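Data first, discussion second: the structure below is written as structure tokens.
The values are calculated or read from the model by the stated rules, or taken from the named source; none is laboratory data. Because the structure is predicted, anything quoted here is derived from the model rather than measured. Cβ: placed from backbone, ideal geometry, glycine included. Neighbour counts: every protein chain shown.
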Amino acid sequence: MQNRSFSLHNSQSTCCYYQNQAIIASFVRLIQKPMLGLKLLTDPRWANIAESNLEEILTDHAWCEQKAATNAITLITQNSEHMDLVEELTAIAIEEMQHFQMVVDIIKKRGYTLGRERKDDYVGRLVKFNRRDGSRNSAFIDRLLFAAMIEARSCERFRVLSQNIKDPELAKFYHDLMISEAGHYTTFLNFARKYTIDIDVDKRWKEWLDFEGELIQGFGNREAIHG
Ligand SMILES: [Fe+2]
Ligand SMILES: [Fe+2]
């Protein structure tokens, strides 16, 4: 797994190794206490539903990664005046497509077929919660919080998979992705805090968490990452 902040596989100096371990440990702490502020955690039995149809969950997952890359690219094209955002979201877009490639590789290795793009009803409902009636800045901040919200839930779902799935290769894979998505969550939330003009980001983030907490009650019963 590649990450712009750290790499699990590249040969590194001892110093970089310990820096990377510290970054990973900080993300693990972030994920655990509490789970990124999420109001409702997924029933672990959802992992059994997911594991009962690996070809389907992997296909759905691959397209989730593609959509995450597309979302980062959209944020770049709409907010190109912020060079640090352009650079960091370019790295995230590349990383999400690397995740896509990793999922496709697993699909291929196991003799499955990558199915057509799946509709994501959960994300579709989150899209509607985005503010469209305010200023350009408020729409920008909401788009960042929308991205952070999806990263937070994806991270939580990957944790449920890593802890409950019986397949050891996939358990390790989802543990690594959980760490990566926690990093993305932090990036989007930090940019919202940095670039707000007059939006109270903590207040608006709480509204997102409350909305998502209600929304997710209707999910958790399908073999989809946000299903
Ligand atoms: Fe990803
Ligand atoms: Fe991500």
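Taking the residues in the stretch 102-121 that are buried (at least 16 other Cβ atoms within 10 Å of the Cβ) and within 14 Å of Phe173 (Cα to Cα) as candidates, determine which candidate is farthest from ligand 1 (Cβ to nearest atom). Out of the qualifying residues, it is Ile107. Considering the stretch 114-227, the qualifying helices (runs of 4 or more DSSP H), each wholly inside and each with 1 or more residues that are under 13 Å from the mean Cα position of the chain (by Cα), run over 121-129, 136-164, 168-195.
When Met97 is tested against the conditions (1) within 13 Å of ligand 2 (Cβ to nearest atom); (2) touching a residue at least 40 places away in the same chain (Cβ under 8 Å); (3) among the aliphatic types (A, V, I, L, M), the lone failure is (2). In the set (1) within 24 Å of Leu40 (Cβ to Cβ); (2) surrounded by fewer than 22 Cβ atoms within 10 Å (Cβ to Cβ); (3) not small (Gly, Ala, Ser), the condition left unmet by Asp176 is number (1). Quick check, is Gln66 farther than 28 Å from Val104 by Cβ, at pLDDT 75 or above and out of contact with any Cys (no Cβ under 6 Å at 6 or more places or on another chain)? No. Report whether or not Glu95 is within 15 Å of Leu144 (Cα to Cα), part of a helix (DSSP H, G or I), touching a Ser or Thr at 6+ places or on another chain (Cβ under 8 Å) and charged (D, E, K, R). For Glu95, the condition - within 15 Å of Leu144 (Cα to Cα), part of a helix (DSSP H, G or I), touching a Ser or Thr at 6+ places or on another chain (Cβ under 8 Å) and charged (D, E, K, R) - is not met. Within the stretch 65-92, the set of residues being among the charged types (D, E, K, R) and either part of a helix (DSSP H, G or I) or under 18 Å from Ile150 (Cα atoms) (or both) comprises Glu65, Lys67, Asp84, Glu87, Glu88.
Against the definition (surrounded by 13 or more Cβ atoms within 10 Å (Cβ to Cβ) and within 20 Å of Cys64 (Cα to Cα)), how does His99 come out, yes or no? It is true that His99 is surrounded by 13 or more Cβ atoms within 10 Å (Cβ to Cβ) and within 20 Å of Cys64 (Cα to Cα). For Glu212, the conditions (1) away from ligand 2 (no atom under 14 Å from the Cβ); (2) buried (at least 17 other Cβ atoms within 10 Å of the Cβ); (3) under 21 Å from Arg136 (Cα atoms); (4) not basic (Lys, Arg) are fulfilled apart from (3).
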